[in-house]
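*Asks:* Handing you a structure now.
The values are calculated or read from the model by the stated rules, or taken from the named source; none is laboratory data. It should be emphasised that the depicted structure is a prediction, and the values quoted were computed from it without experimental measurement. Note: ideal-geometry Cβ built from the backbone for every residue, glycine included; neighbour counts use all protein chains shown. Surface accessibility is based on the protein's heavy atoms, side chains included, excluding ligands, DNA and RNA. Shrake-Rupley method; radii C 1.70, N 1.55, O 1.52, S 1.80 Å.
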Amino acid sequence: MKEVHFTLQYLNMFNMSKKISSILLVDDDTVIDYLHKKLLLKAGIVAPITTLYNGRKAIEELTTLNNQLSSDDCLTILLDLNMPILDGWGFLEELDLIFTTLKFKIELFILSSSNNPDDIIKAKKNTYVIDYIPKPLTSESINKYIL
Amino acid sequence: MKLINNSTMLDVFELVSTIPLPVIVIDKRFNVIHFNPLGADFLKISSYDVDTLDLFSLFPQLSADDFQLKTSFELKNVSFSGINYNVNFNYEPCGLNEDFRLIYVTKYAVVQQKLGMSEFKLNYLKKKVNIYDAFLNNLKEGVMVFNEYGNLIYSNRNSKSHFAGKLGGNSLFWELFDHCNSQSQWEDLKSRVDVKREEHFLQKIQIDKNECIFSLEISHKVIDQLKYYLLIYIDISDSIKDKMEISKRDSELELFHKNNLVSNLEFIFKSDKTSYFSHLSDSFEEIFHVNIDLNNPNWLKTVRFHPEDFKTLISRLTVVETNISDFNFIGRLIVNHQFVWFEINSKIEIFGTDLVLKGIIKNITDIKNKEDDLKNKTVFNDLVLDNIPADIALFDKDHNYLFVNTNGVKEAALRDWLIGKNDFDYCALKGMDTTLAQIRRDYFTMAIETKQQVNWIDKIEKEGNINYMYRRFFPFFIDGFFQYMIGYGIDVTELKNAQNKLDEQNSTLLEKNKELERFAYVASHDLQEPLSSIIGYSKLFKDEYFPTLDDEGKLYINFIAKSVERMKMLISALMEYSRIDKKELPLQVDLNNLLHEVNEDLSDIIQRHESQITCDLLPSIICFPSFIRSLFQNLISNAIKFTAPGISPMIFISSEEREMDWLFKIRDNGVGIDPRNFEEIFLIFKRLHNSQDYPGNGIGLAHCKKIVSIHNGNIWVESTLNEGSTFHFTISKYV
């Protein structure tokens, strides 16, 4: 199951005209969230951008979105690591449990201020993580990864 | 059968020569015609005498008439050539020739001469013989006579008793004596004796369980043309025994003297307290290397006697009132400025007013020296044992004390009491709990069974304090047999306490370190977050509002952005610094490969500055690869960075293997470092230059220092301003 998903992600990367249906910003820092939202809008994103303050809320959102989105839809998630209640790693674990129930596609990036190489390696190893983007988001990094 | 009557004489002669008996051929008139070779032998006549011989001249006691009566004759005392024979013969007609008769001698034997003498002469002779007999039989010597054939024909009484049982009817010389073993040796002996007149030899004889030695002399005598051999011997056993005893005593004495360096002495001590030596053996000078004048009251002038010892001797002699059988004295002579110890074993006899001391004097210097050495050694050993700050005890196989030193048990009485007893007895005496004693017993048993030493630490609570004793049992075996057990005990309380303290401090340190690291990590991590915000917003601000700002405003926002960037870099560096630690196991790394990678990573700045990096063949070492990589990277980039503008950096990297570590040198031709700064540069954030001149955050060398320290090494610099610097660092072989 996971292998198939990885291939899909890989294909998505080469899909230039992909449709971003929605973006989730999962971060407890409201200041950063505002910045990121601003930058994304400046980059030309029209899809709805939702901020969630911890992993638990993010998981709940996914379940809610499952009723709204279809298999054509692609959800971009920008995930911070350090969050209360359920942090980035916890979110990934829970995602693994519900992934098969989700109808839509997911593109997940870890967005973190940590430049600890261990974290970076661990992040990149995760099946659901496409890549690791250092905070803060910049227009360059948005162009490189998200668009 | 009737033979031919007319056989010739020759035929007859031929016939009789074949007969194996003496045969005489006679005619009818009893003239001797012929005899065969055996007959000639018997009669001791050669054939030339035959013409004038008749039978009756040979056998005078016969007459012709006798031959009418019988044919078989036994004659006594027939004499031929002065020897008497008893002869048996047969008389027969000769079958070949009726004129001849044959005499066959069937038997003949020599008869002893019978001397015809008067009865008076006979009695006289008998008396004489009896006297001689008595004489011979009372001799202490043994007398034996042998004939030329070796037969014993006479032995006197003594010899009869000496050889009791051995003298048979016809004893032969070589059966009785070892001097000859056979008849042929007897013949040799005879010929020797015939020439030499007599021969002496010795013979050992076993008589009544005693071994006796005889000295024998054999000589030959000829009586009436007959050879006799006279053997006279005496028993020399006693004298031999004495001789042997004497020689034994002599050799014993010689040996004694040789080994004991003894001289006989006789010393006279007079009532007026003067004295002199009346006798000293010749060996005295050899033994003592000094000569004492005999019979000289001023003998003290010739040899120095230790004054104290002399005084003692005089005082002892002065109180002698009766004979003493056992007087011993030990003193010193002074010879050639050295003490010579002597011992006198003697007896004292009183003659009037004089004391006579007779005995032996020996040189006991060697013994004394050995004793002194031993005493010194013992004193030394005791001193050592009693002053060692450790308990030392010796045990037998049953764990009973054979010895314990002062440190082990302070009271001498208790020490003495302890000999032969064990720890349990001690506990019983002191009313102590036997737990420790049992523990010791168990270790004791283990040491004996494993035949190896056992060590352990006793924890003893005494008066509220805890003491630690390091104890050892060492079993001592010789050739696999247990001799004794050596027990050691050393108070290691201080040591243990120090160690405990150290352990405590260490774990505290470790904890603090961990805390610090966590602190550094968390701090820098948490600082990153707001930092990211500032960076983000200042960028955004710049993007959106830059044109609206005046020059001042533009300047401010630029400064903000720069500061924030710098802060990010610092925090990044700090985080990296805190992460330098031994997390995983070190690996074997080929430094040549590693350096190659570093140069590739730095290829950009290497090329930009047209730098030249020369490097020796580097070893393959055990280390933490990522950190070592960082190390080289830092040092090389520093070398390139801190070069005067316009100059191509030239960097030399070398390595050297040392006993305990590897030494690396990185030499550059850069701007150099002031010696005052040699230590400071390794401090975190310490910079020697302004950012305008040389950029950097000042953390590189602090990194290097930390990396080197987790490899148990050191880093230092040698440098001359404007010429260049050489950075040295060591990586331990035992990381």
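*Asks:* Under the definition of Cα pairs under 8 Å and six or more residues apart, what whole-number percent is the relative contact order of the stretch B:461-611? Provide the component values of the computation, followed by the final result.
*Replies:* Numbers: 73 pairs, mean separation 25.2, N = 151.
Relative CO of the stretch B:461-611 lands at 17 percent.
*Asks:* Give me the accessible area of B:Y149, 1.4 Å probe, in Å² rounded to the nearest 10.
*Replies:* So the heavy atoms of B:Y149 present about 140 Å² to solvent.
*Asks:* Just to confirm my numbers, what's the Cα centroid distance between the stretch B:618-668 and the stretch B:386-401 in Å?
*Replies:* 60 Å
*Asks:* Mind scanning A:K42/A:K135; B:K583/B:K705; B:K542/B:K686; B:K514/B:K733 and naming the pairs with a C-alpha gap bigger than 28 Å? Mind dumping the intermediate values first?
*Replies:* Details: A:K42/A:K135 17 Å; B:K583/B:K705 17 Å; B:K542/B:K686 32 Å; B:K514/B:K733 26 Å.
Exceeds cut-off: B:K542/B:K686.
*Asks:* Just to be sure I understand the model, the point goes 7 Å from the Cα along the line to the Cβ. What's the resulting B:V320 to B:M446 distance in nm?
*Replies:* 6.8 nm
*Asks:* Before I look further, what does the stretch B:314-435 give for accessible area per residue, probe 1.4 Å, in whole square angstrom? Please list the in-between numbers first.
*Replies:* On the way: 7470 Å² over 122 residues.
Dividing the accessible area of the stretch B:314-435 by its residue count gives 61 Å².
*Asks:* B:T353: accessible area at probe 1.4 Å, nearest 10 Å²?
*Replies:* 100 Å²
*Asks:* Between the stretch A:79-129 and the stretch B:472-546, how many Å separate their Cα centres?
*Replies:* 34 Å
*Asks:* If you don't mind, another one. Order these peptides, B:269-281, B:565-577, B:704-716, by their mean beta-carbon neighbour count within 10 angstrom, highest first.
*Replies:* Details: B:269-281: 14.8, B:565-577: 16.5, B:704-716: 19.1.
Averaged packing, sorted descending, gives the order B:704-716, B:565-577, B:269-281.
*Asks:* Please compute the modelled spin-label separation between B:D293 and B:S118, points set 7 Å along Cα→Cβ, answer in nm with one decimal.
*Replies:* 9.0 nm
*Asks:* Is the shape of the stretch B:536-576 rounded, prolate or oblate, going by the alpha carbon gyration tensor and its root eigenvalues a ≥ b ≥ c, with a/c under 1.5 for rounded and a/b larger than b/c for prolate? Please report the intermediate quantities before stating the final value.
*Replies:* Values: a/c = 6.48, a/b = 2.45, b/c = 2.64.
Since a/c reaches 1.5 but b/c is at least a/b, the shape of the stretch B:536-576 is classed as oblate.
*Asks:* Under 19 Å Cα-Cα from B:K190, which aspartates and glutamates qualify once same-chain neighbours fewer than 8 residues away are excluded?
*Replies:* Hits, sequence-local ones excluded: B:E148, B:E175, B:D178, B:E198, B:E199, B:E217, B:D224.
*Asks:* Just how large is the dipole of the stretch B:348-495 about the Cα centre, in debye to the nearest 20, putting +1 at every Lys and Arg Cβ and -1 at every Asp and Glu Cβ?
*Replies:* Values: 18 positive and 24 negative charges, 43 e Å.
Dipole about the Cα centre, nearest 20: 200 debye.
*Asks:* Tell me, what is the percent relative contact order of chain B, built from C-alpha pairs under 8 Å that lie six or more residues apart?
*Replies:* Numbers: 1086 pairs, mean separation 33.2, N = 735.
Relative contact order for chain B comes out at 5 percent.
*Asks:* Going Cα to Cα from B:K76, which aspartates and glutamates come in below 16 Å? Please leave out same-chain ones fewer than 8 positions away.
*Replies:* B:D66
*Asks:* Looking at the square roots a ≥ b ≥ c of the eigenvalues of the Cα gyration tensor of the stretch B:514-672, which shape do they give, rounded for a/c under 1.5, prolate if a/b is larger than b/c, or oblate?
*Replies:* Numbers: a/c = 3.32, a/b = 1.60, b/c = 2.08.
Oblate, since a/c reaches 1.5 and b/c is not below a/b.
*Asks:* Additional query: Order B:S563, B:S578, most accessible first, counting only protein heavy atoms with a 1.4 angstrom probe. Intermediate results must be reported in sequence, preceding the final value.
*Replies:* Details: B:S563 70, B:S578 15 Å².
Ranked from most to least accessible, the order is B:S563, B:S578.
*Asks:* May I pose another question? Which lysines, if any, have their Cα less than 16 Å from the Cα of B:K140, not counting same-chain residues under 8 positions apart?
*Replies:* The reachable lysines, counting only those whose Cα sits under 16 Å from B:K140, are B:K160.
*Asks:* Tell me, what are the semi-axes, in whole angstrom and largest first, of the equivalent ellipsoid of the protein assembly as shown as set by the roots of 5 times the Cα gyration tensor eigenvalues? Could the numbers behind the result be given before it?
*Replies:* Values: eigenvalues 3975, 580, 188 Å².
With the √(5λ) rule applied to the protein assembly as shown, the semi-axes are 141, 54, 31 Å.
*Asks:* What is the calculated FRET efficiency for B:N345 to B:Q453, with r their C-beta to C-beta distance and R₀ = 45 Å, to the nearest 0.05?
*Replies:* Working: r = 50 Å, r/R0 = 1.11.
Result of the calculation: an efficiency of 0.35.
*Asks:* A 31 angstrom limit on the alpha carbon distance is what I want to check against. Which of B:K44/B:K126; A:K124/B:K512; A:K38/A:K122; A:K38/A:K124; B:K44/B:K128; B:K377/B:K462 exceed it?
*Replies:* Values: B:K44/B:K126 35 Å; A:K124/B:K512 33 Å; A:K38/A:K122 29 Å; A:K38/A:K124 26 Å; B:K44/B:K128 37 Å; B:K377/B:K462 37 Å.
Cα-Cα > 31 Å for B:K44/B:K126; A:K124/B:K512; B:K44/B:K128; B:K377/B:K462; rest within.
*Asks:* Could you sort B:E252, B:E659 by accessible area so the largest value comes first, with the probe set to 1.4 Å? Before the final figure, lay out the partial values.
*Replies:* Numbers: B:E252 105, B:E659 155 Å².
Largest accessible area first, the residues go B:E659, B:E252.
*Asks:* Residues of B:524-532, mean number of Cβ from any other protein chain within 10 Å of their own Cβ, rounded to a whole number? Don't jump to the answer; show the numbers that get you there.
*Replies:* Values: counts 4, 8, 2, 1, 8, 12, 4, 3, 11.
The mean count of partner-chain Cβ atoms within 10 Å per residue comes to 6.
*Asks:* What does the average come to when, for each residue of peptide A:124-135, you count the partner chain Cβ atoms lying within 10 Å of its Cβ?
*Replies:* Values: counts 0, 0, 0, 0, 0, 0, 0, 0, 0, 0, 2, 7.
Across the residues of A:124-135, the mean count of other-chain Cβ atoms within 10 Å is 1.
*Asks:* Related question: Can you give the FRET efficiency for B:K107 and B:D238, using 1/(1 + (r/R0)^6), R0 = 41 Å, r = Cβ-Cβ distance, to the nearest 0.05? Can you show the working numbers first?
*Replies:* Numbers: r = 53 Å, r/R0 = 1.30.
With R0 = 41 Å, the Cβ-Cβ based efficiency is 0.15.
*Asks:* Keeping every protein chain in place, order A:S114, B:S620 by accessible area at 1.4 Å, biggest value first, i.e. largest first.
*Replies:* Numbers: A:S114 5, B:S620 55 Å².
Largest accessible area first, the list is B:S620, A:S114.
*Asks:* Nearest 500 deg cm²/dmol is fine: what mean residue ellipticity at 222 nm does chain B get from its DSSP H runs of n ≥ 4 alone, each adding -39,500 (n - 2.57), divided by its residue count? Intermediate results must be reported in sequence, preceding the final value.
*Replies:* Numbers: 21 runs with 292 residues, N = 735.
After summing the helix terms and dividing by residue count, I get -13000 deg cm²/dmol.
*Asks:* Points 7 angstrom from Cα along the Cβ direction at B:F201 and B:E565: gap in nanometres?
*Replies:* 13.8 nm
*Asks:* Express in whole angstrom the spacing between the alpha-carbon centres of the stretch B:135-208 and the stretch B:421-437.
*Replies:* Each part reduced to its Cα centre gives a spacing of 88 Å.
*Asks:* Here's another thing I want to ask about it. Using a simple charge model, +1 on the beta-carbon of Lys and Arg, -1 on the beta-carbon of Asp and Glu, nothing else, what dipole does the stretch B:607-735 show about its Cα centre, in debye to the nearest 20? Mind dumping the intermediate values first?
*Replies:* Values: 12 positive and 13 negative charges, 86 e Å.
The calculation lands at about 420 debye.
*Asks:* Please work out the FRET efficiency for the pair B:N558 and B:N690, using the Cβ-Cβ distance as r and a Förster radius of 25 Å; give the result to the nearest 0.05. Working shown, then result.
*Replies:* On the way: r = 19 Å, r/R0 = 0.75.
In this case the efficiency is close to 0.85.
*Asks:* Let me make sure I get this right: for chain A, a, b and c are the square roots of the gyration tensor eigenvalues over alpha carbons, sorted descending. Under 1.5 in a/c it's rounded, otherwise prolate if a/b > b/c, else oblate. Which is it?
*Replies:* Numbers: a/c = 1.21, a/b = 1.09, b/c = 1.10.
Rounded shape, in that the Cα axes give a/c under 1.5.
*Asks:* Also, quick follow-up: Taking the Cα centre of chain A as origin, sum charge times position over the Cβ atoms of Lys and Arg (+1) and Asp and Glu (-1), and report the length of that vector in debye to the nearest 20.
*Replies:* Details: 15 positive and 19 negative charges, 97 e Å.
Using only the charged Cβ atoms, the result is roughly 460 debye.
*Asks:* Within 10 Å of each Cβ in B:534-542, how many Cβ atoms from other chains are there, averaged over the peptide? Let's see the in-between values first.
*Replies:* Values: counts 3, 5, 11, 6, 0, 5, 8, 0, 0.
The shielding value for this peptide is 4.
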